[in-house]
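The values are calculated or read from the model by the stated rules, or taken from the named source; none is laboratory data. Here the structure is a predicted model, which means the values were calculated and not measured. Cβ placement follows ideal geometry from the backbone for every residue including glycine, while neighbour counts extend to all protein chains displayed. Heavy atoms of the whole protein, side chains included, go into the accessibility calculation; ligands, DNA and RNA do not. Shrake-Rupley method; radii C 1.70, N 1.55, O 1.52, S 1.80 Å.
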Amino acid sequence: MENHFKKDFWWGASSSAFQIEGAWDKDGKGKTVADYNAFQKADVQADTQVASDFYHNYKEDILLMKELGLKTYRFSISWARIIPDGDGEVNQKGINFYNDVIDFLLENDIIPFVTLYHFDLPFALVDKYNGWESRDCVYAFERYAKICFEAFGDRVKHWQVHNEQNLMIRVNIRMNMYDVPIEQVEKVRAQMDYHMFVAHALATNACHEMLPDAKIGPAVSSTMTYPSSNRPEDVWAARMNDNFKTNYALEMHCFGEYPGYYKEYLKKCDIYPETYPEDEEILKAAKPDFIALNYYRTLVASYLPVDEAHPFGTKVNDIDFDLYGYFKIEKNPNLVVTDYGIQVDPMGLRLVLNDYYEKYRLPLIITENGLGTGDQLTEDGKVHDDYRIEYLKNHIAACNDAISDGVELFGYCPWSVIDLLSSRQGFMKRYGLVYVDRDDFDLKEMRRIKKDSFFWYQNVIKNNGLN
C-alpha cells in the first residue's frame, strides 16, 4: 500500500481536562457540570476527584508523549480552573498550571492543540443562569475565550472551541437539564444549542481578531449513516439522520445559519430559539480555518413515519435518537461489535472524511478515534492490546485511503493518550496507549505502563504512517 501521509502530518493523541486532570477542587478550581455528574455516580465508578492525576504528573506524562513521538497533543482547558464561578474573578493558579503544561509541551517539541470547552461548564453558571439556556452564558464564554487567547495565544496557535457540541446537546445531564419539565425539554435544548453556536462564533471572531496568525475551528462528533435498504425513503432517512445529528451543526459553523430542513423542523415543532438581530452578522463572520472530527462508528437508519401515538418530531432515546417523521436507528448486521456495543467500521471513516471535505473544502483533523475496552495488566507488568492495535491500524489505513481520494487531512489524534476517566464506565473501559494502574476505587500507585499499542504507534509515527 502506498503511503500518502505528508512529511509534516500531525501524529498526535488526545485527552480532556475533566477526564485526565483530577485535582477537581485544587488551587482554586470551581466545580463543573462534569464534576457534578461524576459525583452522582461515585458509588459505582471513579469520579473526577483524581481521574488520571495529570495535574500532578503532567511532566512525566508529557515525557511519555515525547518518547511516543507525538507531534501534537490535543487537550482541553477547564473553564472553571481559569474562572472558578464561570464569569467572575480569574484564578491565576489556573493560568499558571496551563502555562506550565504549554511550556513543557513546547520544550519537548510537541504542538499544543487546545480545546476551550469539553463538557465541563462551571456549575456556578447553572445555579445563576441554568447555563446555556441564558444569553449571559454566551457572554461569559466569550470573556473566558478572550482570557485564554490573551494568556496562551503567544504560544498556542491552534484552537478548538466546543468539543462535540452536536453530541453534547443530545445528552440532558451534559446540558445540566436535570429538572426541565418534559414538555419544555426540546425547546430548552434548541435554545441552549443556539446560544452555544453564538458563543462559538464570538470566540472564533475574537481569535481571528486577537491572534491573526492562529487557526480555530469546530470539533464535531461525526456521523455516517447507511440506509437500511435501497428504498428511497430509507435512503432519505439515513441522510436526515446525518443532517440532524451533525450536518446542521457544520452548516451553522461554516455558513452561519441553520439549513432549511432544520429551520422547518424547529418551526413545525414550535421550538425555534430566540435570536438577536446582531447574531446574523456574528455567525456569518465566524469562518472556521479547519474542521476537527471525532470518529468512532457508523449508524443505519430506516424511515420512521408518524403515527397516532407519535406526532411529527417526537424523539425517542438521546444519543442515537429516533425521530418520528424522519428516521429510526437500526442494527448493522455486517459489522463487528465491541464489548461495549460499538460497531467497528474503518470504511465509515474514509466515507465521512470524503463527505466533509467535499462539502466544506476545509482542512480536516481527526481529534478522537479509539477503542474503549477492558485491558488486562499481566503479572510481569505488560498490557497486550492487539485488539487496539488492529483497530488503530485499520482506521489509519482508512485515513491513508481518504488522503489518496483527495481529502486534505492534516492530523490524526487517537483517543486517548493515556487511560482516563470514561464518563460512563469509569476506569473499567480504557482507551489509552499508556495504562494507568488504578481501578475505580483503588488508586494503587497510579503507575504509567506503556501498552503494546504505545510501541506500535511509536513505530507508525517514526515511519510517518503505514509501513
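None of Leu105, Leu64 is within 23 Å of Ser453 (Cα to Cα), part of a helix (DSSP H, G or I) and open to solvent by 10 Å² or more (accessible area, probe 1.4 Å) except Leu64.
Each row is one residue, and each column tells you yes or no for (1) under 30 Å from Lys6 (Cβ atoms); (2) assigned to a loop (DSSP other than H, G, I, E, B).
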site: Thr378; (1), (2): no, yes
site: Arg388; (1), (2): yes, no
site: His395; (1), (2): yes, no
site: Val407; (1), (2): yes, yes
site: Phe410; (1), (2): yes, no
site: Arg424; (1), (2): no, yes
site: Gly432; (1), (2): yes, yes
site: Asp439; (1), (2): no, yes
site: Lys444; (1), (2): no, yes
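In the range 179-193, the condition of being over 13 Å from Glu133 (Cα atoms) and among the basic types (Lys, Arg) is met by no residue.
Residue-level analysis places Glu281 outside the set of residues that are open to solvent by less than 60 Å² (accessible area, probe 1.4 Å), of a type in the set (Asp, Glu) and free of Cβ contacts under 8 Å to residues at least 12 places away in the same chain. Taking the numbered list (1) in a helix (DSSP H, G or I); (2) of a type outside the set (Val, Ile, Thr); (3) in contact (Cβ under 8 Å) with a residue 24 or more places away in the chain in turn, Phe39 passes all entries but (3).
Going residue by residue through the range 113-123, is there one that turns out to be in a strand (DSSP E or B), in contact with a Phe, Trp or Tyr (Cβ under 6 Å, 6 or more places away or on another chain) and over 25 Å from Phe244 (Cα atoms)? Among the residues of the range 113-123, at least one is in a strand (DSSP E or B), in contact with a Phe, Trp or Tyr (Cβ under 6 Å, 6 or more places away or on another chain) and over 25 Å from Phe244 (Cα atoms), which makes the answer yes. Set side by side, the residues Tyr296, Tyr261 differ, and just one is farther than 24 Å from Arg74 by Cα and either modelled with pLDDT of 95 or more or not in a helix (DSSP H, G or I) (or both), which is Tyr261. Only one entry in Val407, Val434 is touching a helix residue (DSSP H, G or I) at 6+ places or on another chain (Cβ under 9 Å), over 30 Å from Asp289 (Cα atoms) and open to solvent by less than 40 Å² (accessible area, probe 1.4 Å), namely Val434. The selection criterion, being assigned to a loop (DSSP other than H, G, I, E, B), more than 24 Å from the chain's Cα centre (by Cα) and either within 23 Å of Thr115 (Cβ to Cβ) or in contact (Cβ under 8 Å) with a residue 60 or more places away in the chain (or both), holds for Thr275. There is no residue in the range 274-288 that is polar (S, T, N, Q) and either in contact with a Pro (Cβ under 8 Å, 6 or more places away or on another chain) or closer than 30 Å to Thr338 by Cβ (or both).
Results for (1) polar (S, T, N, Q); (2) open to solvent by 40 Å² or more (accessible area, probe 1.4 Å); (3) touching a strand residue (DSSP E or B) at 6+ places or on another chain (Cβ under 8 Å), shown as yes or no for each residue.
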site	(1), (2), (3)
Tyr340	no, yes, yes
Asp345	no, no, no
Leu353	no, no, yes
Asn369	yes, no, yes
Arg388	no, no, yes
Ile418	no, no, yes
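Kindly provide the set of residues from the range 203-234 that are out of contact with any Ser or Thr (no Cβ under 7 Å at 6 or more places or on another chain), in a strand (DSSP E or B) and farther than 22 Å from Ile319 by Cα, ordered by number. Scanning the range 203-234 gives Lys215, Gly217.
Each residue in the range 372-386 was checked for being open to solvent by 20 Å² or more (accessible area, probe 1.4 Å) and under 17 Å from Leu420 (Cβ atoms), and 2 pass. Remark: pairs (first residue in the range 228-248, within 21 Å of Pro333 (Cα to Cα); second residue assigned to a helix (DSSP H, G or I) and at pLDDT 95 or above; Cβ separation under 6 Å; 6+ apart in sequence or on different chains) = Ser228/Asp234.
Summed over the range 29-50, residues that are of a type outside the set (S, T, N, Q) and surrounded by 17 or more Cβ atoms within 10 Å (Cβ to Cβ) total 11. Reported count of residues in the range 446-467, each being part of a helix (DSSP H, G or I) and open to solvent by less than 30 Å² (accessible area, probe 1.4 Å), is 5.
Let's see how each residue does on (1) open to solvent by 10 Å² or more (accessible area, probe 1.4 Å); (2) closer than 15 Å to Val352 by Cα; (3) touching a helix residue (DSSP H, G or I) at 6+ places or on another chain (Cβ under 9 Å):
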{"residue": "Gln184", "(1), (2), (3)": "yes, no, no"}
{"residue": "Gln191", "(1), (2), (3)": "yes, no, yes"}
{"residue": "Val198", "(1), (2), (3)": "no, no, yes"}
{"residue": "Asn205", "(1), (2), (3)": "yes, no, yes"}
{"residue": "Pro212", "(1), (2), (3)": "yes, no, no"}
{"residue": "Gly217", "(1), (2), (3)": "no, no, yes"}
{"residue": "Asp234", "(1), (2), (3)": "no, no, no"}
{"residue": "Ala237", "(1), (2), (3)": "no, no, no"}
{"residue": "Asn247", "(1), (2), (3)": "no, yes, yes"}
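Asn96 satisfies every condition listed in (1) surrounded by fewer than 23 Cβ atoms within 10 Å (Cβ to Cβ); (2) in contact (Cβ under 8 Å) with a residue 12 or more places away in the chain except (2). Just checking, does the range 340-359 include any residue being free of Cβ contacts under 8 Å to residues at least 40 places away in the same chain, closer than 30 Å to Val436 by Cα, assigned to a loop (DSSP other than H, G, I, E, B) and under 24 Å from the mean Cα position of the chain (by Cα)? The answer is yes, given that some residue of the range 340-359 is free of Cβ contacts under 8 Å to residues at least 40 places away in the same chain, closer than 30 Å to Val436 by Cα, assigned to a loop (DSSP other than H, G, I, E, B) and under 24 Å from the mean Cα position of the chain (by Cα).
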